[in-house]
Structure formats: structure tokens, C-alpha cells
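Okay, so here's the structure we're looking at.
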Amino acid sequence: MTALGLQIPVLWQTVVLLSLSNIFMTFAWYAHLKNLNEKPWWIAALVSWGIALFEYLIQVPANRIGHTEMDLGQLKILQEAITLTIFVPFVIFYMGQPMKLDYLWAGLCILGAVYFVFRT
């Protein structure tokens, strides 16, 4: 992938695409708890599936690009780190829940996992 004639490293292509897909995933999985709480579950499921389609349209190419240079374990740990990075602001700013110190500890654990899976 090139942007302005520059070659973007596979890792960064993967991170950006997985981050975008994770935004859709987070909304598909959790936004219905705020926005569709009064609706029947099947309506929430249909709306969530519609949102999840966009997640998959981005996530599948992200994993294919990432897999050209990373193994499955690295892709999975990278995804988990991105998930926490997206989920914490979502919980605080969109869902209006308080920040917890446990989010910091969880983040540090995932950073440790990232270190171990990417060290050479």
C-alpha cells in the first residue's frame, strides 16, 4: 500500500486497518446496550450484524496483509492490544462508565504479551 508515493510498512497497514475494524466491532458488540436496550434482542442482533459487516470488510484484509509478515500469534496479540486501546475510551466516553485502575493493569499485561510475541 502506498500513500503519497511512500511505502507503508505492513505492521502499520495492519494496525490501522485492525483499529478501524475494531471500532466497528466494539460498536457492534456493545453499543446496543445503550442505544437499543428497550428493543427486542433480535433487533439489536440485526443492527449489530449490519455493523459487524463493515468490521469484517476491514478485518479480513487487515489479517491477510498482516499475515504476510506476522504469524497468527502475533496477529492475535496485536488485535488484543488494539481491542483494549479502542475499548477503554469507548467505555469511558461513549458508554459513560468510570475509568478503572484495572484498565491500566490489563493494558500493562497486554503490553507484556505484545513484547513477548514480537521479540526476536
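I'm trying to understand the selection: among the residues of the stretch 17-44, which are surrounded by 15 or more Cβ atoms within 10 Å (Cβ to Cβ), more than 10 Å from the chain's Cα centre (by Cα) and not hydroxyl-bearing (Ser, Thr, Tyr)?
Phe27, Ala28, Trp29, Ala31, His32, Leu36, Ala44
Looking at the stretch 18-40, which of the residues that are of a type in the set (Gly, Ala, Ser) and without any contact (Cβ under 8 Å) to a residue 60 or more places away in the chain is farthest from Val91 (Cα to Cα)?
Checked the stretch 18-40; the qualifying residue farthest from Val91 (Cα to Cα) is Ser21.
Out of all the residues in the stretch 32-80, which are charged (D, E, K, R), farther than 30 Å from Gly112 by Cβ and either touching a Lys or Arg at 6+ places or on another chain (Cβ under 9 Å) or not in a helix (DSSP H, G or I) (or both)?
Glu38, Lys39
Scan the stretch 76-120 for residues that are aromatic (Phe, Trp, Tyr) and under 17 Å from Glu55 (Cβ atoms) and jot them down.
Of everything in the stretch 76-120, those that are aromatic (Phe, Trp, Tyr) and under 17 Å from Glu55 (Cβ atoms) turn out to be Phe87, Phe90, Tyr94.
I'd like the full set of residues that are under 20 Å from Tyr30 (Cβ atoms) and either surrounded by 12 or more Cβ atoms within 10 Å (Cβ to Cβ) or in contact with a helix residue (DSSP H, G or I) (Cβ under 7 Å, 6 or more places away or on another chain) (or both), limited to the stretch 90-120.
Those that are under 20 Å from Tyr30 (Cβ atoms) and either surrounded by 12 or more Cβ atoms within 10 Å (Cβ to Cβ) or in contact with a helix residue (DSSP H, G or I) (Cβ under 7 Å, 6 or more places away or on another chain) (or both): Phe90, Val91, Ile92, Tyr94, Met95, Gln97, Met99, Lys100, Tyr103, Ala106, Gly107, Ile110.
Exactly one condition in (1) under 17 Å from the mean Cα position of the chain (by Cα); (2) of a type in the set (Ser, Thr, Tyr); (3) assigned to a loop (DSSP other than H, G, I, E, B) is not met by Thr120; state its number.
Against the list (1) under 17 Å from the mean Cα position of the chain (by Cα); (2) of a type in the set (Ser, Thr, Tyr); (3) assigned to a loop (DSSP other than H, G, I, E, B), Thr120 comes up short only on (1).
Laboratory data are not the source of any read-out in this text; all were calculated from the coordinates shown. None of the values given here were measured: they were computed from a predicted structure. Neighbour counts are summed over all protein chains in view; Cβ atoms, including those assigned to glycine, are modelled from backbone coordinates with ideal geometry.
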